[in-house]
Structure formats: C-alpha cells, structure tokens
Amino acid sequence: MFTLSSIILFVGASIVLILIPGPDLIFAITQGITNGRKAGVYTAVGLSLGNVVHTLAAALGLSLIITQSAMAFSIFKWAGALYLFYLAYKSIKYRKNHIQLNVDQPKDQRSLLLKGLTMNILNPKVAIFFLTFLPQFVQYSNGRVPLQMIILGLIFLVLSGIIFALLAYFAGTFSQRLLAKPKFSEVANVTAAAIYVGLGLKLLTTKL
C-alpha cells in the first residue's frame, strides 16, 4: 500500500512538524514542569488521542471530495495549498517570538487528559491541518484512500504521543531549556515553513 520511501518521508516530516512549538506541545510541557511528570504524560496522551477524531474526519472528507468530481478535488487542492502557504508565512513571520509557558492549569490527571483531548478535538486548525497534510502521502493509484489516511493518521498519533510524552516527562530539564532558547524557535519555524511550502507544492501537483 505504501512504499518504504514514502513512509520514511512521512515519519520525518511528521516528527519535524510535531516538534514545532504550538499550543498543544506547550500545554503538555507546561504540565510536566508545573504539575509533575505524570501530569505531563496524561496531557500528552489526551492531546494525541484527539487526533483519532481528526484522522477519521479527514479520511471521510477526502473520500467524499474525490467521489464528487475532479473540479471538487481541484478546489480542495488549491484551498489546501493556500492554507499550507499561509502556515509557512506565519512560521516565518513569528519565527523569533519567545515561547511563553502558561502555568495556571488544573492538576487533576484525569481532567488534564480530558482537557488535552477536548483542546485537540475542538481545534479547527488541527482538523484543517490533517485534511491538507495526510493526503500528501496517500498512494491514490493503490486505492483504499480512506484506509491509507487512517493508517497515516495512526502513525502520526503514535509519533505525537511519544514525542509529547517524552518532552513533557523531561520538561523539568531538557524541554524547558530547549524551548527557552530563541534560536530553537527560529530554526524550528524556518524548517516548518520549508516543509509547509514543499507540501503545498506537492499538493498542487497531486493527481488522482
């Protein structure tokens, strides 16, 4: 269904984008710093589980778009590419912004898991991201597009869960110092911008 090179490319791109300091990552790390390692891990798990909903929604949405018409798919491609270019623009514009950690958060582990889950599910930006990111790595000639999307989404879920949990677990040392460095934020955002542009161009050249 997938080639080894496409999986490696997907995993590599996913890891880089997961490491970009966003609200989800910062929230998970904040819990690790302020409320302990377990709180950070619970939050990371909740945030990652929310990706299940977005994966299923993206798989269904893309399959519906494909079955409608070639025109609908073209509109999807251009809209998705423009969104990815917009993300690249934002990454470059705010590349030097200092990352702020919010410490005013609940301490109950179950509530943290549920809050992380809710934050992810109700974030429209995550939904749009999944609908534009996952299709880049679908092998349309092999068919079973929804299944391919689900597999890619599950891989992304596992990667984000592991990375978020590790950074949150070691938040008291490694993560806090890393995110506090302006250079890290700048390099991460510039790298993300390059990936977004590449994905946008790839989306425009995608054919059924």
### Task
On the full set of protein chains, 1.4 Å probe, figure out the accessible area of Leu4 and give it in Å² to the nearest 10.
130
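Ordering Lys38, Lys90 by how much accessible area each has at a 1.4 Å probe, largest first, what is the list?
Result of the area sort, largest leading: Lys38, Lys90.
The values are calculated or read from the model by the stated rules, or taken from the named source; none is laboratory data. Note that the structure is predicted; figures quoted are calculated from it, not measured. For the accessible areas, the whole protein counts, side chains as well, though only heavy atoms, and no ligand, DNA or RNA atoms are used. Shrake-Rupley method; radii C 1.70, N 1.55, O 1.52, S 1.80 Å.
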